[in-house]
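As structure tokens, the structure follows; a few thoughts come after it.
The values are calculated or read from the model by the stated rules, or taken from the named source; none is laboratory data. Remember, predicted model here, so these are calculated numbers, not experimental data. In this analysis, Cβ positions are derived from the backbone assuming ideal geometry, glycine residues included, and neighbour counts consider all displayed protein chains. Accessible surface areas use protein heavy atoms only, side chains included; no ligands, DNA or RNA. Shrake-Rupley method; radii C 1.70, N 1.55, O 1.52, S 1.80 Å.
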Amino acid sequence: MSAPRQALSRPTNTGQGADREPRLLEVSGLTTRFDTPDGLVHAVNGVDFHVDRAEIVGVVGESGCGKSVTIRSILGLVRPPGRVVEGTARFNGVDLLGLRAAELRRLRGAEIGFIAQNPFSALNPVMRIHRQFANILAAHGIRSDAIARDRARDALADVGIAGPDRVLDGYAHQLSGGMAQRVVIAMAMLLNPAFVIADEPTTGLDLTVQRQILDLIRGLVQQHGRSMLLVTHDLGVVAQYCDRVVVMYAGKVIEHGSVRDVLTSPQHPYTQALVRAVPRPGHPLVHLTGRLPDLVDYPAGCPFQARCPHAFEPCGQVFPEPTTSASGRTYWCHLSQEREAAR
Amino acid sequence: MRVLGYARRRVLFLPVGLLSVVVLAFLLVNALPGNPVGVIAGPAAGPEELAEIERRLGLDRPLWERFVDYLGGLVRGDLGSSYYTDRPILSEILRFAPATLELVILSLIVAAVLGVGLGTLGAYHKGRLADRGSRFVVTTFQSIPDFFLALLLIYLCFYLAGWAPAPVGRLGLMDEPPPAVTGALLVDSLIAGDMTVFRSAVAHSMLPVLTLGIYYSAYFARSTYASLVPALESKQVEFARACGLPERTVLAYAFRQARTPILTYGGILLAALLGGAAIIETIFSWGGFGEWAIDSILQLDMPAVQGFILAAGLGTLLAFTALDILVAVLDPRVRYD
Ligand SMILES: Nc1ncnc2c1ncn2[C@@H]1O[C@H](COP(=O)(O)OP(=O)(O)O)[C@@H](O)[C@H]1O
Ligand code: SF4
Ligand SMILES: [Mg+2]
């Protein structure tokens, strides 16, 4: 990983309080569980974070830590046996979790675009690409096939597909991975949403294509003043593409802040471990050992205690209070008390 | 073009399949335990009498000679004739098969509509009340033996309620059958424009169709459930929802994914029912193909059994070929090179 991107040329809107204009997205206390035969899976446990206008926020954390479930909860896509049991997700001031299904459906695609992880499992394999574009437009009130075709062509041109008609008349399996992901991006951007959610949008693509796709997404987001929530497990991607970052562990946010703060001086031992596991010149590579705690038998106190080199007495009893610095970086670790005391 | 090429290859393969059916029909029957001669002659017959019957039926000649004869007959459209009635087998098949086809196709339609409906209801509401309800109904349908269901329906709908006519066959005793064109009464009565007979035929089909339809709906429900649940949980459906598609369209997307296994199951049931509806045919005096086959087997009427295997095999072969082509039409990913 090179040094985090310093060029914060775009406004981060940190000065805007909730009293003036509501935030683009403000998630608080989000809690989602799955009632499985093995027990109640505590997948997401009181997650708080926000996304401001014209901002790219990264969500990182190892596999299984609840990133996708968080997104699915916000979009109302959690299916039984899963259930969002608590929390709010205010989008422009409106709580998405309180909306009726039909109202939320109209927001999806139109105001919140979703870029799926694997295009080949997301696209319908037995339906021509054109029909899939047309169905999305029809779902949002645009029923003319001719208009749909024009809109789809434009959307494909925007993602850099040169011969859109050939793609539109074909099927997903006829495309390369990079092309298929471009089609998914075109679908996410089709109705010009103000907010885009991308769940590990480049997994499974080869490295050069990954860069191209991420550059493309960032371009489309920045050009139109959109915001994005970018889920990834790659800190390099966070450093290069995000303004702020939310670090998750076992269904909780354990640290968030500007990319510069979090990646250059991580405060939470888990974030520190993530940063140390990224190869950098002049730094020894240290991999984190151990596994996520059992989400059914969720540990009391700090969920990271079993793997934490600094774990001490209070860690096994209560979840730590947040500590926020002047720059807005927040983390949840009992060490903060020690650090205060040492001062 | 992809599909046309595939369809042509499948059709060209038909003769090969047919030949194996012919060999199978011949061998199965000639390897069948039981001596028809003894059955035909009766327990009181002496050895000369038995030898005479054996000679008359050609059973004294070696196997390969009989096979060559059989093949020669097939080429001329001669499937032999019944040991008992002496009627040509081909005309027997043409007489009985339409009744069964009519019954089986109607039953499959009822089974598919009912079963796919139940399976969809359960899959869509997986883990909720509707799922448990649908599962209960399906389990009940499947655990009642079909013959018992037939008797139950006769008892309830004919004997108690009087909604359905007596189970005396495809028409009432007083009805005059329409001139045979296709052999299927519903079609023939419409061709003849005889609405009285048509209504009677519909009324008489009701209970057997309902019996088989209900019984086999359980199979459709299970295969629908099994393929629709993963389809509804797939990333594809999630992405469709994330794009704001309404539930109707989302369900249609899931169905497109799930339909191949459901269709395949329908094809298998069609093939199985061609001969497998025998008990129901017997209960309703249907005069169908399966009933004829059972009688022939019990009487060791070998040409008839051969004819049955041949016709059922051909029907199965055609059904599966049509099914494979249909699947290829529906799924652009299927490649056969
Ligand atoms: N449908 C489900 N049923 C039961 N558990 C689930 C389901 N979906 C997700 N989970 C659990 O929720 C946790 C978080 O998963 P996820 O959000 O997909 O992780 P990731 O951070 O890799 O995206 C995992 O432990 C997973 O096992
Ligand atoms: S709270 Fe305790 S266990 Fe958790 S990260 Fe901090 S020191 Fe480690
Ligand atoms: Mg995930």
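Here are a few things to note about the model shown:
- On inspection, residue A:170 fails the criterion of being more than 21 Å from the chain's Cα centre (by Cα), touching a residue at least 40 places away in the same chain (Cβ under 8 Å), more than 13 Å from chain B (Cβ to nearest Cβ) and in a loop (DSSP other than H, G, I, E, B).
- When residues of segment A:291-316 are limited to those that are part of a loop (DSSP other than H, G, I, E, B) and open to solvent by 80 Å² or more (accessible area, probe 1.4 Å), the one nearest to ligand 2 (Cβ to nearest atom): A:310
- Being open to solvent by 20 Å² or more (accessible area, probe 1.4 Å) and within 26 Å of residue B:271 (Cα to Cα) holds for only one residue in B:94, B:63, and it is B:94.
- Put simply, of A:61, A:46, A:29, A:39 the only residue that is buried (at least 24 other Cβ atoms within 10 Å of the Cβ) and either closer than 28 Å to residue A:236 by Cβ or more than 14 Å from every other protein chain (Cβ to nearest Cβ) (or both) is A:61.
- Of the candidates A:110, A:102, A:89, the single residue that is away from ligand 2 (no atom under 16 Å from the Cβ) and assigned to a strand (DSSP E or B) is A:89.
- Which listed residue, of A:198, A:194, is among the small types (Gly, Ala, Ser), away from ligand 2 (no atom under 16 Å from the Cβ) and open to solvent by 30 Å² or more (accessible area, probe 1.4 Å): A:194
- Only listed residue being assigned to a helix (DSSP H, G or I) and either away from ligand 3 (no atom under 13 Å from the Cβ) or facing chain B (nearest Cβ under 7 Å) (or both), chosen from A:68, A:121: A:121
- Residue in segment A:77-85 that is more than 16 Å from ligand 2 (Cβ to nearest atom) and away from every other protein chain (no Cβ under 13 Å) present: yes
- Pick from segment A:106-118, criterion surrounded by fewer than 23 Cβ atoms within 10 Å (Cβ to Cβ) and within 7 Å of chain B (Cβ to nearest Cβ), ranking: farthest from residue A:148 (Cα to Cα): A:118
- Cβ pairs under 9 Å, 6+ apart, first in segment B:226-250 and facing another protein chain (nearest Cβ under 10 Å), second among the acidic types (Asp, Glu): B:241/B:247
- Members of segment B:113-130 that are among the small types (Gly, Ala, Ser) and buried (at least 22 other Cβ atoms within 10 Å of the Cβ): B:115, B:119, B:122, B:123
- Meets criteria (touching a residue at least 12 places away in the same chain (Cβ under 8 Å), more than 16 Å from ligand 3 (Cβ to nearest atom) and not small (Gly, Ala, Ser)) for residue A:32: no
- Output for segment B:172-204, where each listed residue is within 14 Å of residue B:95 (Cα to Cα) and of a type in the set (A, V, I, L, M, F, W, C): B:180, B:181, B:184, B:185
- Among (1) within 16 Å of ligand 1 (Cβ to nearest atom); (2) more than 14 Å from the chain's Cα centre (by Cα), the one test that residue A:272 misses: (1)
- Some residue of segment A:255-270 being among the hydroxyl-bearing types (Ser, Thr, Tyr) and either within 16 Å of ligand 3 (Cβ to nearest atom) or exposed (fewer than 13 other Cβ atoms within 10 Å of the Cβ) (or both): no
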